[in-house]
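Below is one structure, written out as structure tokens; the observations come after it.
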Amino acid sequence: MANMTILGAGLAGLSTAMMLRNDGHDVTVLERDPAPPGAEPWETWQRPGVNQFRLPHFMLPRWWQVLSTELPTAASEVLAAGGSRFSLVPPPHREGDALFDTVTARRPVIEAALARAAEASGVVLRRGVRLTGVHLESGRVTGVTTAEGPVRADLVIDCLGRRSAMPDWLAAAGAPRPAEEKDDAGFVYYSRHFRGDRPDLQVMVQQQYASVSVLTLPGDDGTWSVVVVASTRDHALRVLRDPSVWTDVLRRYPLVAPWIDATPITGVDALAGIEDRLRHYAPDGTPLVTGMVPVGDAWACTNPSLGRGAAFTLIHARLLRDTLRDTDPADHEKVARRFHEATARTVLPLYRATNGFDKHRLAEIDSDVTAVPYRTDDLRWIGAKALYAAALRDPDMLRAYLTVAGFLETPDEVFAKPGVRDRVLALGVSAPQYPLPGPGRAELLRLCS
């Protein structure tokens, strides 16, 4: 067994730490921010290192499947903390719908629960540690440097998220800087949290309308959040920062209105500047360094409105765990190469699919703003739009759509099933661009004026 040092005690770091600790490795997690100060993390915990810490999060069924299978103690902690059981399928339910079940909660609540489970499993969690760089010997990362001194490790695992400074640290130590693919996602999120008797789900949690998307996301302990997703270029909608305007607008969406008929527990929070980004730590299959691997958002991050980040991270963490089961951790070159190969084979296609959706949806929203119809020859986007429309008209297609939305299968896997393609073509291709009831662009502008 090996000595593992994990950077970051967020969802990625804690989940990865528990998987490796359960396999017998010595695992230490280094985190700059403080621990939860009490029994009410939502009320009292501040995490300046995570800019979206108190903003809406949603855990997809794929996340819950992996967590409850691989880390059952952690899953029990989330439930004990008030995590809500929730199905992506609106009632009535039928046999087999358990596939779409999840448990979700607000980010501080989940992270505090995972931290308790990690420490109970034997993970050493060191908080208040300020990282300053990496130690490099002949192309191998052998540890990290901190304000308190060096920390040696057989393997350093970067779980610092989308703001990780690992490229800078590698460059400062004399290693190549990873090339990056970046796309400014161009979305802005206007969100608010509520408490009360949670409304019944009538349609998908993510709904598409003219020039905006709206998310209705269950949380823990009788809470939930509602998010309006718009384009950063849509200056007319910036007034949605005003709670009264935000409320007036959302009351015009019949499927959303019940979700704001409750007690707000926050104002309207606005978040922008979130990019889709992929870092190439193994260009052409050759690792830039050994002794260090990135997991989750430290490797690739996407638009948060699809809710895939946590599931993406758990899948990636399990890949690392499995790589270390099959490869001697002392063989640093082989570990790095095999993990990067597994990442490219299993996780990279998920990133590409999400990134492609982001680009098309943003382009469609921007076209709504400029009143120029959006046109594309990309069959994947055409298929995605048709499947969404068909899902609103056919319960079988709804479940096909939710299989993709829940990160349970890829679009290719869903469309390969007998009858799906024909049914989607029959129901979805000729459907209106935005089938759900709600204001068009002109009315939305009037409400925001």
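A Cβ-based charge dipole, computed about the Cα centre of region 370-448 with Lys and Arg at +1 and Asp and Glu at -1, lands at about 260 debye.
Computing FRET efficiency as 1/(1 + (r/R0)^6) for E40 and A426, where r is the C-beta to C-beta distance and R0 is 60 Å, gives about 0.70. Shown here: the chain, whose C-alpha atoms stretch 61, 47, 46 Å along the first, second and third principal axes, sorted largest to smallest. Sparsely packed loop sites in region 78-131 (the trypsin sites (Lys or Arg not before Pro) outside DSSP H, G, I, E and B with at most 14 other Cβ atoms within 10 Å) comprise R94, R130. Its Cα gyration tensor gives region 254-391 an equivalent ellipsoid, and the semi-axes of that ellipsoid, as √(5λ) in whole Å with the largest first, are 36, 20, 14.
With 0.36 nm allotted per residue and the present C-alpha distance subtracted, the A173-I382 stretch has 70.6 nm of extension available. Taking a straight Cα-Cα cut-off under 23 Å and skipping sequence neighbours fewer than 8 places away in the same chain, the lysines within cross-link reach of K359 are K182, K385.
Along the Cα-to-C-beta direction of A442, a point sits 7 Å from the Cα; which residues of region 372-396 have their amide N less than 17 Å from that point? Counting backbone N atoms under 17 Å from the label point, the list is 372-373.
Once the Cβ-Cβ distance of D331 and T73 is raised to the sixth power relative to R0 = 25 Å, the FRET efficiency obtained is 0.25.
Using R0 = 25 Å, the C-beta based FRET efficiency linking A80 and I265 works out to 0.70.
Counting alpha carbon pairs within less than 8 Å and at least 6 residues apart, what relative contact order, in whole percent, applies to region 370-448?
Computed value for region 370-448: 32 percent relative contact order.
Under the combined filter of DSSP loop state and at most 15 neighbouring Cβ atoms within 10 Å, region 380-449 retains these trypsin sites (Lys or Arg not before Pro): R393.
From helices alone, the chain scores -11500 deg cm²/dmol at 222 nm; the rule is -39500 (n - 2.57) for each run of n ≥ 4 DSSP H residues, then divide by the residue total.
The chain: longest stretch without exposed GluC sites (Glu not before Pro) (DSSP loop, at most 12 other Cβ within 10 Å), sites themselves excluded? Answer - 149-449. Measuring nothing but how far apart in sequence close Cα pairs (under 8 Å, 6+ apart) lie, relative to its length, the chain scores a relative contact order of 18 percent.
Bear in mind that the values in this text are calculations on the coordinates, not laboratory data. Everything numeric here is computed off the predicted structure, so don't read it as measured data. Note: ideal-geometry Cβ built from the backbone for every residue, glycine included; neighbour counts use all protein chains shown.
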